[in-house]
1. For segment 27-110, which GluC sites (Glu not before Pro) are in a loop by DSSP, counting at most 12 other Cβ atoms within 10 Å?
2. Bin width 10 Å, origin at 0, all Cα-Cα pairs of the chain: what percent of pairs per bin?
3. Where the centroid of each part is defined by its Cα atoms, how far is segment 41-103 from segment 125-177 in Å?
4. Going down the list K54/K80; K14/K132; K138/K175; K38/K138, which pairs span over 22 Å between their C-alpha atoms?
5. Within a Cβ distance under 12 Å of C115, other residues only, what is the Lys/Arg minus Asp/Glu net charge?
6. What's the magnitude of the charge dipole for the chain around its Cα centre, counting Lys and Arg as +1 and Asp and Glu as -1 at the beta-carbon? Answer in Debye, nearest 20.
7. Please give the direction-averaged projected area of the C-alpha convex hull for segment 24-78, in square nanometres with one decimal.
8. In a solvent-free Debye calculation with one equal scatterer on each Cα, what is log10 I(q)/I(0) for segment 93-172 at q = 0.11, 0.15 Å⁻¹, listed in the order of the q values?
Amino acid sequence: MENEILPNLFKNKKNIKIWSAACSTGEEPYSLAMLLTKFLPLNMITIIATDIDKGALSKAIQGIYSEKSLENLPKAFIQKFFIKENNQYMISDEIKSRVKFRQHNLLKDPYEKNCDLIICRNVMIYFTEEAKSEMYHKFHDSLNNNGILFVGSTEQIILPHRYKLKPVKTFFYTKSV
Ligand SMILES: C[S@@+](CC[C@H](N)C(=O)[O-])C[C@H]1O[C@@H](n2cnc3c(N)ncnc32)[C@H](O)[C@@H]1O
């Protein structure tokens, strides 16, 4: 993501639309917002983050995490973007304000349009083949040309050309048409 996908996306434009689908308690979109600060000023970053679960979304909006959940985050990000209180880490307002959380059901609700990057990880495993197939078609339609879909490490898309998607790297797909 950092060394290839984002530099490529930013080659043509700076203002990219990002959707973190099934974001659960916010770790994914917040980590991505932190990573994006290596490429853009914070005020140019907006990430739409959705999940079906209202409880998860309200935790995400709170942005309070245990030390353990931060163990894979670079130390520099922890120092820069968190405030430590007792044994909890609160995400800074400057990062929080860049992520817009809303409820969304991937099986039922309309999908975002004109996305340059969609992250949807570790949710498709729960869906039937039919639902997955419908979802991949919808993700295809949600992406801009050259847009990227990033899936989970156990969620490689079988025969992606069926959905007019092509792999650019393991777990990353773009539109083929
Ligand atoms: C295992 S978590 C993955 C969270 C995060 N993407 C990650 O990889 O760490 C699965 C998430 O999918 C959400 N989810 C399940 N069914 C969904 C649906 N139909 N639409 C949107 N989100 C859904 C759950 O609420 C949960 O937050």
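1. Values: sites: E27, E67, E71, E85, E94; in loops: E67, E71.
Qualifying residues, ordered by number: E67, E71.
2. 9, 38, 36, 15, 2, 0
3. Taking the Cα centre of each part, segment 41-103 and segment 125-177 sit 26 Å apart.
4. Those over the limit are K54/K80; K14/K132; K38/K138.
5. Details: positive: K17, K113, K138, K175; negative: E112, D116, D141.
Local charge sum for C115: +1.
6. Details: 25 positive and 19 negative charges, 109 e Å.
It comes to approximately 520 debye.
7. 4.1 nm²
8. With no solvent term, the Cα-only Debye profile gives -0.30, -0.55.
Values in this text are rule-based calculations from the coordinates and carry no lab data. This one's a predicted model, so the numbers in the text were calculated from it and none came from an experiment. Using ideal geometry, Cβ is built from the backbone for each residue, glycine included, and neighbour counts are taken over all protein chains shown.
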